[in-house]
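These notes concern the structure reproduced below.
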Amino acid sequence: MALLIASSSRADLFAEAARACDGDLDVRVAPDIGRREDVTCALVWQPPQGLLKGLPNLRLIISIGAGVDSLLADPTLPDVPLVRFVDPDLTGRMAEYVALHVLFHHRRMTEFRELQSRKVWKYLPEPAAHEVRVGIMGLGVLGTAAASALGAFGYRLRGWARTPKSVAGVSSFCGADGLDAFLAETDILAVLLPLTPATRGILDRKLFSRLSQQGRDARLPGPALINAGRGGLQIDTDIAAALDAGDLYAASLDVFEAEPLPATSPLWSHPRVVVTPHNAAESAPSAIVRYALRQMQRQRCGEPLENLVDIRRGY
Ligand code: NAP
Ligand code: GLV
């Protein structure tokens, strides 16, 4: 019974944490798999396609990420339970990221940074939080936590999901029918959707043009976009075009169509774009490994696994 760690980043840290948690655990780190028949569980982040198929006794796959789009893109993914990572460590970090960037754009920090670079001491009018409408696309584990963090500042909150939600202090919109009304009431859009066939490319020029026009006064010059979901949700060139056309005022992007973001992307140097390297919620290896060992234990004891992915739904 071995645990295989196959991760495009921090694999050695996961292995170290696993050995520290359970000294008796047989831990293998891809590509040094050893006897493939020994592996019963795989802890993975973006493993090479086909790797998991070659493990005849695999009984459980645990995703290091909350999003499982790259795993589901593998046509040879074995038909065994797939659990995604859901944990206060990740959820807390994401709530911080969203709150940080909502505040950053609400308080016009891209403009203040630019003024500072020119040593210009200038007052810019800003609305109070209770005058700013924040729309959260994806009202799942992370969207709900972000809403709760933002609620503390008094923002007016809207949420959009596939199905209706009842979250305290958040006006709920859902499905294609609810999208227009949701966007029309959104000054700052925070995106925490999973990447699925239904959501791929949803953040395009057309969607940006449907965002609230109301925010465009002297105090909040236009809608801001925060995407910490997946790069495949957005069309990078549409974001740059919407910023230049004034459909978007500013953006914070943690994820991109291609990662790392190519040096040729105009987003790197746009004065009103904040680029972060897909680190909105990079969890501690110890938290991920503790979670993984708990799932392995649950499976051994015949208890229900937590946060099973619905493969058909895609998240
Ligand atoms: P979750 O709990 O599964 O929530 C997903 C939400 O998206 C749900 O509210 C769901 O609606 C909604 N949704 C899915 N498909 C939709 C559609 N077609 N139309 C409208 N709403 C739709 O997932 P989570 O744990 O909050 O994570 C969300 C995503 O964040 C992950 O999939 C991952 O891509 C991303 N993420 C990024 C980072 C980072 O560091 N940047 C870290 C962690 C996660 P229903 O509830 O109605 O089904
Ligand atoms: C990170 O992107 C994750 O899905 O957890």
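Scanning the range 240-253 for residues that are in contact with a helix residue (DSSP H, G or I) (Cβ under 7 Å, 6 or more places away or on another chain) and either closer than 30 Å to Thr91 by Cβ or not assigned by TED's automatic domain parsing to the domain that holds Val98 (or both) turns up Ala242, Leu248, Ala250, Ala251, Ser252, Leu253. Scanning the range 250-297 for residues that are within 13 Å of ligand 2 (Cβ to nearest atom) and of a type in the set (Phe, Trp, Tyr) yields a total of 2. For Ile136, the conditions (1) of a type in the set (Val, Ile, Thr); (2) part of a helix (DSSP H, G or I); (3) under 18 Å from Arg158 (Cα atoms) all hold with the exception of (2).
Within the range 8-41, track down each residue that is touching a helix residue (DSSP H, G or I) at 6+ places or on another chain (Cβ under 6 Å), surrounded by 21 or more Cβ atoms within 10 Å (Cβ to Cβ) and in a strand (DSSP E or B). Of everything in the range 8-41, just one residue is touching a helix residue (DSSP H, G or I) at 6+ places or on another chain (Cβ under 6 Å), surrounded by 21 or more Cβ atoms within 10 Å (Cβ to Cβ) and in a strand (DSSP E or B), namely Cys41.
Hey, does the range 119-139 have a residue that's within 16 Å of ligand 2 (Cβ to nearest atom) and either of a type in the set (S, T, N, Q) or open to solvent by less than 10 Å² (accessible area, probe 1.4 Å) (or both)? Yes, the range 119-139 contains at least one residue that is within 16 Å of ligand 2 (Cβ to nearest atom) and either of a type in the set (S, T, N, Q) or open to solvent by less than 10 Å² (accessible area, probe 1.4 Å) (or both).
Of Ser265, Ser269, Ser283, all but one fail to be farther than 24 Å from Pro197 by Cα, open to solvent by less than 90 Å² (accessible area, probe 1.4 Å) and more than 16 Å from ligand 1 (Cβ to nearest atom); the exception is Ser265.
Residues of the range 79-102 that are touching a strand residue (DSSP E or B) at 6+ places or on another chain (Cβ under 9 Å) and either without any contact (Cβ under 8 Å) to a residue 24 or more places away in the chain or open to solvent by 30 Å² or more (accessible area, probe 1.4 Å) (or both): Val80, Pro81, Arg84, Leu100.
Pairs are defined by a Cβ separation below 6 Å, a sequence spacing of at least 6 or placement on different chains, a first member in the range 280-295 that is among the basic types (Lys, Arg), and a second member that is within 14 Å of ligand 2 (Cβ to nearest atom); no pair meets this definition. Only residues that are acidic (Asp, Glu) and at positive phi were counted across the range 233-249, and they come to 0. The set of residues in the range 67-114 being within 13 Å of ligand 1 (Cβ to nearest atom) and in contact with a Pro (Cβ under 8 Å, 6 or more places away or on another chain) consists of Gly67, Val68, Asp69, Leu71. Only one of the numbered conditions (1) touching a residue at least 24 places away in the same chain (Cβ under 8 Å); (2) in contact with a strand residue (DSSP E or B) (Cβ under 6 Å, 6 or more places away or on another chain) is violated by Ala15, and that is (1).
Condition check: touching a His at 6+ places or on another chain (Cβ under 8 Å), modelled with pLDDT of 95 or more, within 11 Å of ligand 1 (Cβ to nearest atom) and open to solvent by 60 Å² or more (accessible area, probe 1.4 Å). Does Glu259 satisfy that? In short, yes. Scoring Gly65 on the criteria (1) among the small types (Gly, Ala, Ser); (2) touching a Gly at 6+ places or on another chain (Cβ under 7 Å); (3) crowded, with 20+ Cβ neighbours inside 10 Å leaves a single failure, condition (2).
The values are calculated or read from the model by the stated rules, or taken from the named source; none is laboratory data. Just so we're clear, the structure is a prediction, and the values are computed from it rather than from any experiment. Neighbour counts run over all protein chains shown; Cβ positions are idealised from the backbone, glycine included. The protein model used for the area step is the full one, side chains on, heavy atoms only, and it has no ligands, DNA or RNA in it. Shrake-Rupley method; radii C 1.70, N 1.55, O 1.52, S 1.80 Å.
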